[in-house]
Amino acid sequence: MHFASEQHLDDSVLEREFTLGKIPGILWTPTGATAPAPLILLGHPPLGLRTMYPRLAGRARHAAADGFAAATIELPGSGDRPRWAAAEQARADLRRTMEAGEPVSDEIIDALVLPLVEKSVPEWQAALDALLSLPEIGGPVGYSGGVISIGIRLAVVEPRISAAVLFAGSLVPAAMFEEAHRVTIPLHVLLQWDDEGNDRQAALDLFDAFGSKEKTLHANMGGHSGVPQFAGDAAARFFARHLR
């Protein structure tokens, strides 16, 4: 891990950009901490870190205020990373289908999501290796947001992740429903009830499929971009319970 730059967002948060091999990332840590901070991995959609930065930095500030470090990495094929022809084709197929008002086929969903999961999850694990080697970072670790299928796979294969906040709304391949049965960590799932891009029943079915004994569904009225502030506060309280 190579740190390329750093800046103080305010008196309480240090932001450092890093690269892990050729993968860009950002680490936020609370300043003045007297012990290694628990870590929250911040997931995001494949729109690029530059596009997602304001939202990610806002989430990181809230995490730091609660005493957590937060980190994220660029997803394969996004941002400044090399273009990924198969992903570009899958996104184009999805756009054409949605613009035509047609149902999105399982084939399109699989082509869009499954390769992304296969490529990105080992990168998240490598980032976690590097982050936990830093003296200012300690366990436990949480995962928050982003593509829900990535969160599912990480919850299944990564024993260092103790709890997760998942954002319902991504297109989910049928294979991920099977993996959901193997998720056992505590979950807090956010669902926007009127999300125009989300199949509500599919989101409810996925929640039912999770094998966790402790799982909470936090559903709010409104569309995809209308997540209320109190929903974020509830997620913060969830992490405070499970990452201390």
Lys, Arg +1 and Asp, Glu -1 on Cβ, resulting dipole of segment 41-86 about Cα centre, debye, nearest 20: 120
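What GluC sites (Glu not before Pro) does segment 142-244 have in DSSP loop regions with at most 14 other beta carbons within 10 Å?
Taking segment 142-244 and a limit of 14 other Cβ atoms within 10 Å, the loop GluC sites (Glu not before Pro) found are GLU196, GLU214.
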Just the Cα atoms of the chain: what Rg and Dmax do they give in Å? 17.4, 56
Once ligands and nucleic acids are excluded and a 1.4 Å probe is used, how much of MET52 is accessible, expressed in Å² to the nearest 10? 10
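Percent of Cα-Cα pairs more than 18 Å apart in segment 1-79, please.
Roughly 37 percent, rounded to a whole number.
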If you place +1 on the Cβ of every Lys and Arg, -1 on the Cβ of every Asp and Glu, and leave all else neutral, what size is the dipole of segment 57-199 about its Cα centre, to the nearest 20 Debye? 460
Degrees between helix 200-209 axis and first principal axis of the chain (Cα, 0 to 90, nearest 10): 60
How much of the accessible area of segment 111-174, probe 1.4 Å, is carbon plus sulfur, in whole percent? 61
Need the C-alpha centroid separation for segment 166-244 versus segment 33-78, integer Å. 18
In square angstrom, what is the accessible area per residue of segment 146-244 with a 1.4 angstrom probe? 46
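At 10 °C and 1.306 mPa s, what whole-number value in µm²/s does Stokes-Einstein give for the translational diffusion of segment 79-172, with Rh from the Kirkwood sum over Cα pairs?
Roughly 106 µm²/s, to the nearest whole number.
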Scoring the chain by relative contact order with C-alpha pairs under 8 Å, at least six apart, yields a percentage of 15
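The values are calculated or read from the model by the stated rules, or taken from the named source; none is laboratory data. Small disclaimer: the values here were computed from a predicted structure and weren't measured. We place every Cβ from the backbone using ideal geometry, glycine too, and count neighbours over all the protein chains shown. Protein only, heavy atoms only, side chains kept; ligands, DNA and RNA dropped before computing areas. Shrake-Rupley method; radii C 1.70, N 1.55, O 1.52, S 1.80 Å.
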